[in-house]
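What follows is a short report on a single structure.
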Amino acid sequence: MTALSPRQRLRPSVALGLSALALAVALTGCGAPESPEALYARATHAAQACDFEEALSLTQKCLDRRPDYVQALILTGYCRYRLLSPEQVRLDSSTLIAPLERAVELAPDDFLAQYYLGWMLFESAQYGRALKPLERAYELRAQCPDRDDSVLAMLSMCCINQNLARGRTYLQALRRFRGFERSALLYNALGYLSVRQRDYQGALVAFTEALRREPRHAVTLQNLGVLYDERLQRPDEAMRYYREALFARQAMRDSSRQDELTRRLRQLAEARRRPAAGR
């Protein structure tokens, strides 16, 4: 047996102590499970880095340890949304809706739970179902005031889709936010909803406001043409706005609706000539 040199010799108690320390380090580093909080923190960092697969894996581990972790449920739904295409979300949103519904069940007064559930339902085109969580989120908006405008925008579109008059209240509230107060889109949406509510004078006011902000806004010009054509029975005004809408689309090289506009202009022109031809 080879003798240890003086530098190599260790007292038995010191050797035992180092062995115990090495074992403790090994046990701490390899075997001790991470806490749900630590897993969730890692998941949020992964999500911020747009590594949604890793974030989803970590939230699943977090939920294995604590199934009622509301924040992890919310992040799970969001990560699943980011990993699906828009077509997949509309086709089957059940995997991302389920954890968010559970989060709302556990924390009905949590803004983010209501907000993300409403958002995911909105993205999956379930506008009627999205209204309840979005309206609840709007009631809880003091928790996250920086998201007021996005809640109002989604609420407005849900109400337009469902033909609900209260959508005008949400659209009008949007006007106080930067980016919306000068938007032709907002006033065009107000006009569109007013038409559906048969408030034609209100629609005229809203469409006129939209054009004041963006005079060549093709969608608003076409909507005014339809309003004068189909609701107010004023074909001359309808033709004027249809022409302007056609010119606006041509200027933008936007071919959508050009054939439709041209066809309707031709029909109205022919209708104007008929009385003269009959004399």
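Helix-only mean residue ellipticity at 222 nm, the chain, DSSP H runs n ≥ 4 weighted -39,500 (n - 2.57), per residue, nearest 500. What is it?
The per-residue figure over the chain is -22500 deg cm²/dmol.
Would you list Thr44, Thr220 from fewest to most Cβ contacts within 10 Å?
The fewest-first ordering by Cβ neighbours comes to Thr44, Thr220.
Calculate the length of the line joining the C-alpha centroid of the stretch 55-98 to that of the stretch 110-186, in whole Å.
So the separation of the two Cα centres works out to 22 Å.
Counting other C-beta atoms within 10 Å, which of Ile97, Ile74 has the fewest, and how do the rest follow?
The order, fewest Cβ neighbours first, is Ile97, Ile74.
What percentages, rounded to whole numbers, describe P(r) for the chain computed over all alpha carbon pairs with 5 Å bin width beginning at zero?
With 5 Å bins starting at 0, P(r) equals 1, 5, 9, 10, 11, 10, 9, 8, 7, 6, 5, 4, 3, 3, 2, 2, 1, 1, 1, 1, 1, 0, 0, 0, 0, 0, 0.
Calculate one ³J(HN,Hα) per residue across the stretch 83-98 by plugging θ = phi - 60° into the Karplus curve 6.51 cos²θ - 1.76 cosθ + 1.60, and present them in order as whole Hz with x for glycine and proline.
Along the stretch 83-98, the couplings run 8, 10, 7, x, 5, 5, 4, 5, 6, 7, 9, 4, 5, 9, 6, 4 Hz.
Label the stretch 125-197 by shape, choosing from rounded, prolate and oblate, from the square roots a ≥ b ≥ c of the eigenvalues of the Cα gyration tensor; if a/c is under 1.5 it is rounded, and otherwise prolate applies when a/b is larger than b/c, oblate when it is not.
oblate
In whole Hz, with x marking every Gly and Pro, tabulate ³J(HN,Hα) for the stretch 59-75 from phi via Karplus 6.51 cos²θ - 1.76 cosθ + 1.60, θ = phi - 60°.
Once θ is set to phi - 60°, the couplings for the stretch 59-75 become 5, 5, 5, 4, 6, 4, 7, 9, x, 9, 6, 4, 4, 5, 5, 4, 5 Hz.
Enumerate the calculated ³J(HN,Hα) couplings along the stretch 179-194 in order (Karplus 6.51 cos²θ - 1.76 cosθ + 1.60, θ = phi - 60°), each rounded to whole Hz, writing x wherever the residue is Gly or Pro.
x, 10, 5, 10, 8, 5, 4, 4, 6, 5, 5, 4, x, 4, 5, 4
Report the local net charge at Asn163: Lys and Arg +1, Asp and Glu -1, summed over other residues whose C-beta lies under 13 Å from its C-beta.
My count for the surroundings of Asn163 gives +3.
As an exercise, use a Förster radius of 30 Å and the Cβ-Cβ distance of Arg198 and Arg147 to find the FRET efficiency, rounded to the nearest 0.05.
0.35
Fewest to most neighbouring Cβ within 10 Å: what's the order for Met252, Met120?
By the 10 Å Cβ count, ascending, the order reads Met252, Met120.
Using the per-residue mean of other Cβ atoms lying within 10 Å as a proxy for protection, in what order, highest first, do the peptides 62-70, 141-149, 168-176 fall?
By packing density, highest mean first, the sequence is 168-176, 62-70, 141-149.
Tyr40: net charge of surrounding residues, Cβ under 11 Å, Lys/Arg +1, Asp/Glu -1, itself excluded?
Taking every other residue near Tyr40 into account, the sum is +2.
Roughly how many debye, to the nearest 20, is the charge dipole of the chain about its Cα centre, given +1 on each Lys and Arg Cβ, -1 on each Asp and Glu Cβ, and no other charges?
Charge dipole, the chain, about its Cα centre: 1000 debye, nearest 20.
What's the FRET efficiency of Arg257 with Ser35 using the Cβ-Cβ distance as r and R₀ = 51 Å, to the nearest 0.05?
Result of the calculation: an efficiency of 0.35.
No value in this document is a laboratory result; all are computed from the given coordinates. Only a predicted model underlies this, so the values are computations on that prediction, with no experimental measurement involved. Ideal geometry is used to build each Cβ from the backbone, glycine not excepted, and the neighbour counts take in all protein chains shown.
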